[in-house]
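Quick notes on the structure that follows.
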Amino acid sequence: QRRIDAANDFMNSKQWPGKVAIGRLKGDELVQYNFWLDYLDEVTAVDTSTAPDISWPPVPTT
């Protein structure tokens, strides 16, 4: 949950959800937003039953 919260905090700090909602997210910002959304999908899909030996996806570079 910590990784999900950190990713959401980062995206919100960039105001990407609001910008995408009103159609103002374009270009590089849109590409970065999609990288972060993909990252959230990957984190959510991680099998945590193998803890503590979990292979987490890399955080997107910005």
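None of the figures in this text is laboratory data; all of them are computed from the coordinates on show. Computed from a predicted model, the values in this text were never measured in an experiment. In this analysis, Cβ positions are derived from the backbone assuming ideal geometry, glycine residues included, and neighbour counts consider all displayed protein chains.
Observations on the structure shown:
- Selected residue (only one of Arg24, Arg3 is of a type outside the set (Phe, Trp, Tyr) and in contact (Cβ under 8 Å) with a residue 40 or more places away in the chain): Arg3
- Unmet requirement for Val59, which otherwise passes all of (1) over 11 Å from the mean Cα position of the chain (by Cα); (2) in a loop (DSSP other than H, G, I, E, B); (3) β-branched (Val, Ile, Thr): (1)
- Evaluation of Asp53 against the conditions (1) surrounded by 12 or more Cβ atoms within 10 Å (Cβ to Cβ); (2) over 13 Å from the mean Cα position of the chain (by Cα); (3) not in a helix (DSSP H, G or I) shows that the sole unmet condition is (1).
- Taking the range 29-48 as the range and being surrounded by 15 or more Cβ atoms within 10 Å (Cβ to Cβ) and more than 12 Å from the chain's Cα centre (by Cα) as the test, only Glu29 passes.
- So Lys26, is it surrounded by 13 or more Cβ atoms within 10 Å (Cβ to Cβ) and over 12 Å from the mean Cα position of the chain (by Cα): no
- Residues of the range 1-18 that turn out to be closer than 18 Å to Asp38 by Cβ and in contact with a helix residue (DSSP H, G or I) (Cβ under 9 Å, 6 or more places away or on another chain), as a count: 10
- The residue pairs whose first member lies in the range 51-62 and is within 16 Å of Asp38 (Cα to Cα) and touching a residue at least 24 places away in the same chain (Cβ under 8 Å), whose second member is in a loop (DSSP other than H, G, I, E, B) and of a type in the set (A, V, I, L, M, F, W, C), and whose beta carbons are closer than 8 Å, counting only pairs six or more residues apart or on different chains, are Trp56/Val46.
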